[in-house]
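Structure in structure tokens, see below.
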Amino acid sequence: MIELKNDRFLRTLLKQPVDRTPVWMMRQAGRYLPEYRQLRQQAGDFMSLCMNPELACEVTLQPLRRFPLDAAILFSDILTIPDAMGLGLYFEAGEGPRFRKPLVDGKDIAALPELNPEQDLGYVMDAVRLIRRELNGSVPLIGFSGSPWTLATYMMEGGSSKDYRRTKTLLYNQPQVMHELLDKLAVAVTAYLNAQILAGAQAVQIFDSWGGALSHTAYREFSLAPMQRIIDGLIKEHEGRKVPVILFTKGGGQWLEAMAASGATALGLDWTTDIGLARTRVGDQVALQGNMDPAVLYASPERIREEVAAVLASYGAGSGHVFNLGHGVTPEVKPEHAGAFFDAVHELSPAYHQ
Ligand code: CP3
């Protein structure tokens, strides 16, 4: 087993005892950091950062130089898979992601190529290998992918969407065609995450950012089932360690029992769920990650500390809680406020691990 100086994050996911609650932050490398904005400007745009392994590595490490984080997360994006399948990803300033060739109908879906991650997304695997080398065992590296459902919404809408009109029309009119798309994406995501694990990712997170937009029954059939197939196909152990899988459905609070039965190691929670109640509901089956409202970081350091205290108290004593926000940090947050958040977790959490 390769030595890891700080294994709190991995131990917590496996519910093994730790000295304090580990913490990292979704989008911890991003626009709230001036050093990120500077590097992105130098690189020209966001995708140039992702596609250059040296720059992706540098951006991954930026928040770790500033803050006492317990994990690094690969700097990349969930939309690299559709880009590699030929949809032509680009970013319009201020408008978020766009595809030049969104999927229109069943013919486009049938024509989607199979993904060979080492070949088609070699820049991601090169970044993973480089980041592992640079981290040099300081903290574990998290790899990630979007969920098939979340990727499908971007591929069909051509970008971000408020109502997922095209995607849901297909889902309800031609469910079998939607399943064909989700099956293809599940195969691609499984191969992509396994390639990240072989390249050195020590845990993986599946971002199901828009699963919460589905109806109660549609969630199980069109979001959870494809994620379950991915989990079934993932490499379970690498470098002599278990490789934990974190399942994060934003807005998924009502489905935690079903998610916990998927074989995931941990569930990510957004801030609308009571983490203490969630713990009672899932029992010993999974660890939990989350779930402070990202908007708390706009408030004063004193208020941030109180909200951290409330989340810690809600989860209660014992291992199995990875502290995080309930969704990504926003660009307007002051870095000092993120610092106050991490400090509060460091100072207040040891009391829950005695
Ligand atoms: O967490 C991290 O620090 C790792 C990096 C990461 C990024 N995107 C970098 C990024 C991760 C894990 C993602 C995942 C991602 N990408 C998701 C799932 C997570 C979530 O937020 O629900 C989604 C839905 C996407 C798609 C995507 N990429 C959108 C909607 C946008 C624009 C969003 C915005 O805030 O403007 C992106 C671009 C993106 N991905 C940025 C970053 C740092 C901002 C790009 C920039 O520098 O302008």
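Take L10 and tell me if it is more than 26 Å from A295 (Cβ to Cβ) and assigned to a helix (DSSP H, G or I).
Yes, satisfied.
Could you list, in sequence order, all residues of the range 82-99 that are touching a helix residue (DSSP H, G or I) at 6+ places or on another chain (Cβ under 7 Å), more than 6 Å from the ligand (Cβ to nearest atom) and modelled with pLDDT of 95 or more?
P82, A84, L87, L89, F99
Shifting gears a bit: Would you mention how many residues in the range 200-219 are under 16 Å from F144 (Cα atoms) and open to solvent by 10 Å² or more (accessible area, probe 1.4 Å)?
4
If I ask for residues that are under 14 Å from A218 (Cα atoms), within 21 Å of the chain's Cα centre (by Cα) and either within 16 Å of the ligand (Cβ to nearest atom) or at pLDDT below 95 (or both), which ones from the range 165-196 would you list?
The answer is none; no residue qualifies.
Return the residues of the range 123-140 that are surrounded by 24 or more Cβ atoms within 10 Å (Cβ to Cβ) and either among the acidic types (D, E) or out of contact with any Ser or Thr (no Cβ under 6 Å at 6 or more places or on another chain) (or both); say none if nothing qualifies.
Correct list: A127, V128, P140.
Suppose we keep only residues that are within 16 Å of the ligand (Cβ to nearest atom) and in a helix (DSSP H, G or I) within the range 111-124. Which one would you say is nearest to the chain's Cα centre (by Cα)?
My answer is V124.
What helices (runs of 4 or more DSSP H) lie completely within the range 26-81 and have 3 or more residues being more than 7 Å from the ligand (Cβ to nearest atom), farther than 25 Å from F9 by Cα and without any contact (Cβ under 8 Å) to a residue 12 or more places away in the chain?
34-43
Moving to a separate point now. Filter the range 235-268 down to the residues that are closer than 30 Å to G137 by Cβ and surrounded by fewer than 20 Cβ atoms within 10 Å (Cβ to Cβ) and list them by number.
Selection gives I235, K236, E237, H238, E239, G240, R241, K242, G263.
Cβ-Cβ under 6 Å, sequence separation 6+ or interchain: first residue in the range 302-315 and within 17 Å of T280 (Cα to Cα), partner open to solvent by less than 10 Å² (accessible area, probe 1.4 Å) and at pLDDT 95 or above. Which pairs?
From residues that are within 17 Å of T280 (Cα to Cα), the pairs are V311/M292; L312/S349; S314/I275; Y315/I275; Y315/H321.
Here is a follow-up. Restricting the search to the range 298-354, which residues are within 16 Å of the ligand (Cβ to nearest atom) and open to solvent by 60 Å² or more (accessible area, probe 1.4 Å)?
Across the range 298-354, the qualifying residues are Y298, E332.
The values are calculated or read from the model by the stated rules, or taken from the named source; none is laboratory data. A quick note: this is a predicted structure, and the numbers were derived from the prediction, not measured. All Cβ positions, even for glycine, are placed from backbone atoms using ideal geometry, and neighbour counts span all protein chains on display. What goes into the accessible areas is simple: the full protein's heavy atoms, side chains included, and nothing from ligands, DNA or RNA. Shrake-Rupley method; radii C 1.70, N 1.55, O 1.52, S 1.80 Å.
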